[in-house]
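Only one structure is covered here, and it is reproduced in the block below.
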Amino acid sequence: MDLGISGRTAAVAAASSGLGLASAVALANEGVHVAICGRDKGRVDDAIATIGHGAVGIVADVSSPEGATGFIGGATEALGHLDIVVPNAGGPPPGTFASTPVDAYPEALDLNLMSVVAMCKAAVPSMQERKWGRVVAITSISVRQPIGTLILSNTARAGATAFLKTLAREVAGDGVTVNSVQPGLHATNRLLSLHGGNAEAAAAGIPAGVVGDPADFGQIVAFLCSVHARFVTGVAVNVDGGAYAGLQ
């Protein structure tokens, strides 16, 4: 299927590895001009080699609103304007209510909530002016079904989801769609770090019987950026192999 976005431009945050990289690859393969960021130049350069298609690498840390805004500014300068933004960031450290101090929350909120807000504030107004835009944020299935050992991520990403839903309703009339994708367990370095390198153990609770392939996840992100998804906005799509057990 031709997604109808060849020639568009996109900024994909935290895309030197994992689901961000997979999303950038999927968009680039559709003919989108992509800019990515990461904190380490070597890893960014490696990712650019993987993406190909003239992708642009920017060294930036989106764990603060200032860093997130700076990435959007750099991507805009490199590409001329942005049609697509994929807010994304790594997760905060694991922890429970009992083990997590109060002063750990602001940093987690900056990482997984305020970075999303900042990227949208920097990119969406120009999308509104051009009457076309796509925001597809990568969050987590923990927004629907909180994970007991990830209280910081559960809290911050739930706030980001509420922000995105509110934004979607405000800008829908300007041709801008705003959605999020909620990954379950995928074969990324973060999953391996959380599960002691044992992907098979991680798959035990997934009805599909395996952890997700990041490349498949990237295709979901790309579709939500497509012309075919023009009437899809304000949704949070879980991509988890059936792990989420709720009805909504």
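Here is a yes/no grid of residues against (1) in contact with a strand residue (DSSP E or B) (Cβ under 7 Å, 6 or more places away or on another chain); (2) crowded, with 23+ Cβ neighbours inside 10 Å; (3) in contact (Cβ under 8 Å) with a residue 60 or more places away in the chain; (4) farther than 27 Å from Gly4 by Cβ:
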{"site": "Phe71", "(1), (2), (3), (4)": "yes, yes, yes, no"}
{"site": "His81", "(1), (2), (3), (4)": "yes, no, yes, no"}
{"site": "Gly90", "(1), (2), (3), (4)": "no, no, yes, yes"}
{"site": "Ala98", "(1), (2), (3), (4)": "no, no, no, yes"}
{"site": "Val102", "(1), (2), (3), (4)": "no, no, no, yes"}
{"site": "Asp110", "(1), (2), (3), (4)": "no, no, no, yes"}
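Return the total of residues in the range 2-22 being assigned to a loop (DSSP other than H, G, I, E, B) and not β-branched (Val, Ile, Thr). Give the derivation first.
Let us first name the residues in the range 2-22 that are assigned to a loop (DSSP other than H, G, I, E, B), namely 2-8, 13-17.
Filter again for not β-branched (Val, Ile, Thr), leaving 2-4, 6-8, 13-17.
Number of matching residues: 11.
Would you pick out the residues in the range 1-54 that are of a type in the set (Lys, Arg), surrounded by fewer than 22 Cβ atoms within 10 Å (Cβ to Cβ) and more than 21 Å from Ser140 (Cβ to Cβ)? Break it down into steps so the answer makes sense when it comes.
Filtering the range 1-54 for residues of a type in the set (Lys, Arg) gives 8, 39, 41, 43.
With surrounded by fewer than 22 Cβ atoms within 10 Å (Cβ to Cβ) added as a condition, the list becomes 39, 41, 43.
Of everything in the range 1-54, those that are of a type in the set (Lys, Arg), surrounded by fewer than 22 Cβ atoms within 10 Å (Cβ to Cβ) and more than 21 Å from Ser140 (Cβ to Cβ) turn out to be Lys41, Arg43.
Being outside any strand (DSSP E or B), loosely packed, with under 15 Cβ neighbours inside 10 Å and either basic (Lys, Arg) or at pLDDT below 95 (or both): is that true of Gly148 here?
Values: outside any strand (DSSP E or B): yes; loosely packed, with under 15 Cβ neighbours inside 10 Å: yes; either basic (Lys, Arg) or at pLDDT below 95 (or both): yes.
When the stated conditions are applied, Gly148 passes them.
With respect to the numbered conditions (1) under 24 Å from Gln248 (Cβ atoms); (2) free of Cβ contacts under 8 Å to residues at least 60 places away in the same chain; (3) buried (at least 21 other Cβ atoms within 10 Å of the Cβ); (4) within 16 Å of the chain's Cα centre (by Cα), which one is the sole condition not fulfilled by Thr139?
(2)
Look through the range 210-243, keep the residues that are touching a helix residue (DSSP H, G or I) at 6+ places or on another chain (Cβ under 6 Å) and part of a loop (DSSP other than H, G, I, E, B), and return whichever of them is surrounded by the most Cβ atoms within 10 Å (Cβ to Cβ).
Filtering the range 210-243 for residues that are touching a helix residue (DSSP H, G or I) at 6+ places or on another chain (Cβ under 6 Å) and part of a loop (DSSP other than H, G, I, E, B), the one surrounded by the most Cβ atoms within 10 Å (Cβ to Cβ) comes out as Val211.
Considering only the range 33-95, give the strands (runs of 3 or more DSSP E) lying wholly within it that have at least 3 residues that are under 23 Å from Leu167 (Cα atoms), of a type outside the set (Phe, Trp, Tyr) and within 17 Å of the chain's Cα centre (by Cα).
Numbers: elements: 33-38, 56-59, 84-86.
Correct list: 84-86.
Within the range 1-39, which residues are closer than 20 Å to Thr188 by Cα, in contact with an Asp or Glu (Cβ under 9 Å, 6 or more places away or on another chain) and not aliphatic (A, V, I, L, M)?
Matches in the range 1-39: Ser16, Ser17, Cys37, Gly38, Arg39.
Can you tell me which residues in the range 209-236 are at pLDDT 90 or above, of a type in the set (A, V, I, L, M) and farther than 20 Å from Ala15 by Cα?
Residues satisfying the conditions are Val227, Ala229, Val232, Val235, Ala236.
Could you check the range 85-109 and list, in sequence order, the residues that are touching a Leu at 6+ places or on another chain (Cβ under 7 Å) and among the β-branched types (Val, Ile, Thr)?
The one that is touching a Leu at 6+ places or on another chain (Cβ under 7 Å) and among the β-branched types (Val, Ile, Thr): Thr100.
Residues of the range 151-194 being in a strand (DSSP E or B) and under 23 Å from Ala118 (Cβ atoms), which ones? Steps first, please.
Of all residues in the range 151-194, those in a strand (DSSP E or B) come to 176-183, 186.
Passing the criteria: Val176, Thr177, Val178, Asn179, Ser180, Val181, Gln182, Pro183.
The values are calculated or read from the model by the stated rules, or taken from the named source; none is laboratory data. Keep in mind the model is a prediction, meaning the values are calculated, not measured. Don't worry about glycine lacking a Cβ; one is built from the backbone with ideal geometry, like all the others, and counts go over all protein chains shown.
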